[in-house]
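Since the structure comes first, as structure tokens, the remarks are kept for the end.
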Amino acid sequence: MSKVPSFDYLEQYAEIEPEIDVAIKRVLNSGRLVLGQEVVAFENEFSDWLLRGGSRSRSDDGVAAYSVGVNSGTDALLVALMALGLGRGDEVITVANTAVPTVSAIGAAGAVAKFCDVDADTCLMDLAKLDACITSKTRAIIPVHLFGNVVDVPKIRTLIEGRDIKIIEDCAQCHGAKLDGVFAGTMGDVGAFSFYPTKNLGAYGDAGLCITSDLELAEVMRSIRMYGFTDRQYSVRSGINSRLDELQAAILRVKLNKLDSYIVNRRVIADLYLGDLHPSIQVVRPLPGVQHAYHQFVVKLRNRDAVKQRLEQVGIATAIHYPWPLHTMSGFSHLNYTGGELPVTEASANQILSLPIYPEMSSTKVEQVCSAINQIVEDLGDK
Ligand SMILES: *Cc1c(COP(=O)(O)O)cnc(C)c1O
């Protein structure tokens, strides 16, 4: 039996190598390596892609999207928080079952993270528990579209109506996901994307992007990503260095052209899993109205660790996103949680398992994973 990796960029690179090589040469021969025409072109193309894919377009109802390329998904969150004026003493509500950087960015902005528990079926922020997390210090909410599933951002808007609270969508895992026909990333005040190599749209290094429909806010983010400069190298606000380089932008332009087909492939693979997995295996599912982008295909298992180990023995790599809820890690002890505050998040962390999924994965490999896991679950009696 062949091995099944959980991520491997080489198979995809082999398919697009000639185009990537042309893009890299074009940049190196251009005489410009940072924040040049490739970055501008990628920003515009990404904005167009998001609007085209949604139910609205620039011309329809005047909705526009302004993209600001930055150095990582973490920085996209940080730049958004800084641009929205978040700082010392402000509270930002998010979830504890996310990548560490969601909360690193909140800390880097000087704000304090507060955690909302999640829903057991979707692993997304439980909006029924959100109101209880809001205090007079709450200035922003960061819903995380975990696994490529989508949080109901319009519902959050309704819940916070009349209060001065901003919404920054963590879109690191949801490129291509939609709610009621609208792309995740275009529903909050800012969408913060990561193009880390493993993501649905991955660079060959670090890259990220902020997107907003507010032109003024976009200009502030553009300034913050480079020392707080205006276009005259004159600093008008606190900024950082979070530039997107030309090589990554040129690579991302090649891959953006193929993103729709990559997402279609992910959905096809997910459908195969849904059809072939033993019916007793609980799948983390999207809400109604969501078109899942399947960055991860996640199941919940009572004997998770044993299943993971046995899959490994037959050459099938799986992952856990994420093994430690953030509030239980010593790096976040200053947030003053003791554990036990987020029962659903904590219970899920012991059950979730991410099965291999990537656009080039063959149906034979999916069947191989399904028959292995079905057999293991049967053996272990995990029903
Ligand atoms: C990957 C990821 C990030 C951070 O992106 P980087 O580009 O690695 O900085 C933030 N949030 C989530 C949910 C992620 O998966």
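Stretching the chain fully between residue 215 and residue 320 yields a gain of 34.0 nm (0.36 nm per residue, less the alpha carbon separation).
Sum -39500 (n - 2.57) across every DSSP H segment of at least 4 residues in the chain, then divide by the residue count to get the 222 nm mean residue ellipticity, nearest 500.
-12000 deg cm²/dmol
Averaged over residues, the count of other Cβ atoms within 10 Å places the peptides 291-298, 116-123, 333-340 in the sequence 291-298, 116-123, 333-340, highest first. Spin-label model, residue 24 to residue 136: label points 7 Å out along the Cα-to-beta-carbon direction sit 5.7 nm apart. Heavy-atom accessible surface of the range 220-365, averaged per residue, reaches 46 Å², computed with a 1.4 Å probe. Extension gain for the segment residue 10 to residue 235, taken as residue separation times 0.36 nm less the Cα-Cα distance, is 76.8 nm to one decimal.
Our estimate of slack between residue 128 and residue 347, defined as 0.36 nm per intervening residue step minus the Cα-Cα distance, is 77.0 nm. For the range 266-362, the residue among 278, 293, 348 whose Cα projects farthest onto the positive side of the dipole built from Cβ charges is 278. What the range 62-159 shows is 30 Å² of accessible area per residue, with the surface traced by a 1.4 Å probe over protein heavy atoms. Atom-type composition of the exposed protein surface of the chain places 49 percent of the accessible area on carbon and sulfur (1.4 angstrom probe).
Amide H to amide H distances under 5 Å link residue 34 with 246, where only residues 5 or more positions off or on other chains count and H is placed in the peptide plane.
Considering only 317, 160, 358, and ranking their Cα positions along the charge dipole of the chain that arises from unit charges at the beta-carbon of Lys, Arg, Asp and Glu, the one farthest toward the positive end is 160.
If you take every DSSP beta bridge whose two residues both sit in the range 130-196, what share of them, in percent to the nearest 5, is antiparallel? That works out to approximately 25 percent antiparallel. The separation of the range 289-313 from the range 81-103, counted between C-alpha centres, amounts to 28 Å.
Here the contact order of the range 217-364, divided by its residue count and restricted to Cα pairs under 8 Å and six or more residues apart, works out to 23 percent.
In the structure shown, the pairs 178/365; 129/300; 199/258; 3/255 are assessed against 18 Å; a Cα-Cα span above that value is assigned to 178/365; 129/300; 3/255. Within the full protein context, the accessible area of residue 243 is estimated at about 60 Å² for a probe radius of 1.4 Å.
Grab the other residues whose beta carbon is less than 11 angstrom from that of residue 197, score K and R as +1, D and E as -1, and report the net.
Details: positive: 199, 255; negative: 8, 206.
After counting each charged neighbour, the total is 0.
The values are calculated or read from the model by the stated rules, or taken from the named source; none is laboratory data. Since the structure is predicted, the reported quantities are computational estimates derived from the model, not experimental observations. Note that each Cβ is placed from the backbone with ideal geometry, even for glycine, and that neighbours are counted across all protein chains shown. For accessibility, only protein heavy atoms count, side chains too; no ligands or nucleic acids. Shrake-Rupley method; radii C 1.70, N 1.55, O 1.52, S 1.80 Å.
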